[in-house]
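As structure tokens, the structure follows; a few thoughts come after it.
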Amino acid sequence: MPLGRGPSLIAASAVAGISYATAWVVGLAVWPSNLDVAASNLKVLATYRAHRGAAMTQYVLVEGLAAIALAVVVAALGQAARRRGARRLGVAAVAAGLAAVAVSLVECVLGLLLASSVAPDGEAQRAGRLFDVINRLDGVKMFALAALAVAGFGLARRGVVPRSLGYTAALLTVAVIASGAGYLLLNTTLAQAALVSGPLLLVWVTGAGVALAWTNRSGAAE
């Protein structure tokens, strides 16, 4: 089957990749919170009570909308991998990516609960526990993203995405494992690796989405 004759999923991957990065950038701009992963219950309560609307908006964007966009990109990766004869890598990428998506959506729900109900009610202990759960889930999500990056490295070697994204995936794997450990263990030092893994993730997801769509368009024109 020629590359351009399949469903429009791959063609939509560029929009999804760009939407992923946009959701993150706008979400962080709305509420550039630097709340420590090991913040006290009272600090969590005070921060969320003071920024209720901004926190809710951020969760919807970075954990909700971004998750949906990521799902489209990884589904397109799986489809493109099958067409290139890299089915196993494609399945691995889709499984890891959708696992990250599922965790992200759970974080979105819990984050909205924290900002809209728990914090306004002044429940410091419950707010702190919920904040810890969200951070630990973020760590789990990061490990799923590390698995996605490993699969992405293999897909780059098979020509499904550009080789340059393979190098990005390699760096992302190391950085996101470190930040994932930090969030899972609520370790402030390791969590700082998110300052590196975050930008790398945006570059990789957006780059993969755009590259898949471009390849699909080129294949259709041949």
Note to self: Filter the chain for me: DSSP H helices, axial length by Cα at least 18 angstrom, mean Kyte-Doolittle hydropathy not below 1.0. List them by residue number.
What the structure shows: 9-30, 66-83, 87-113, 163-185, 194-221
Next item on the list: State in Å² the accessible area per residue of segment 70-219; use a 1.4 Å probe, count heavy atoms of protein chains only, and round to the nearest integer.
Entry: 42 Å²
Check: Got a number for carbon plus sulfur as a percent of the chain's accessible area, 1.4 Å probe?
Finding: 65 percent
Check: Roughly what % of Cα-Cα distances in segment 97-171 sit above 16 Å, to the whole percent?
Finding: 58 percent
Check: What ratio of Cα Rg to 2.2 N^0.38 Å holds for segment 64-113?
Finding: 1.29
Next item on the list: Specify the residue with the greatest mean-square fluctuation among Gly198, Gly97, Gly139, computed from a Gaussian network of the chain linking alpha-carbon atoms under 10 Å apart.
Entry: Gly198
Check: What do you get for Rg/Rh of segment 14-84 when both radii come from the Cα atoms and Rh is the Kirkwood radius?
Finding: 1.17
Item checked: Charged-residue dipole, Cβ positions (Lys, Arg, Asp, Glu), the chain about Cα centre, Debye nearest 20 -> 820 debye
Note to self: Give me the one-decimal Kirkwood hydrodynamic radius in Å for the chain, with the sum taken over alpha-carbon pairs.
What the structure shows: 17.7 Å
Check: Label points 7 Å out from Cα along the Cβ direction at Asn187 and Val133: separation in nm?
Finding: 2.5 nm
Margin query: Run the helix sum for the chain: -39,500 (n - 2.57) per DSSP H stretch of 4+ residues, divided by residue count, reported at 222 nm to the nearest 500 deg cm²/dmol.
Written below: -26500 deg cm²/dmol
Notebook entry, point to check: What's the Kirkwood radius of segment 55-142 in Å, using all Cα pairs?
Noted result: 14.0 Å
Next item on the list: Please name which of Gln125, Gly152, Ala178 has its Cα lying farthest along the dipole of the chain towards the positive end, using unit charges on Cβ (Lys, Arg +1; Asp, Glu -1) and the Cα centre as origin.
Entry: Gly152
Margin query: Using 0.36 nm times the number of residues separating Val25 and Ser8, minus their current alpha carbon distance, what extension gain do you get?
Written below: 3.5 nm
Notebook entry, point to check: Rg and Dmax of segment 96-222, Cα atoms, in Å?
Noted result: 17.4, 62
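The values are calculated or read from the model by the stated rules, or taken from the named source; none is laboratory data. Keep in mind that this is a model prediction, so the values were computed, not measured. Cβ coordinates were reconstructed from backbone atoms using ideal geometry, including for glycine residues, and neighbour counts include every protein chain displayed. Please note that ligands, DNA and RNA were not included when accessible areas were found on the heavy atoms of the full protein model with its side chains. Shrake-Rupley method; radii C 1.70, N 1.55, O 1.52, S 1.80 Å.
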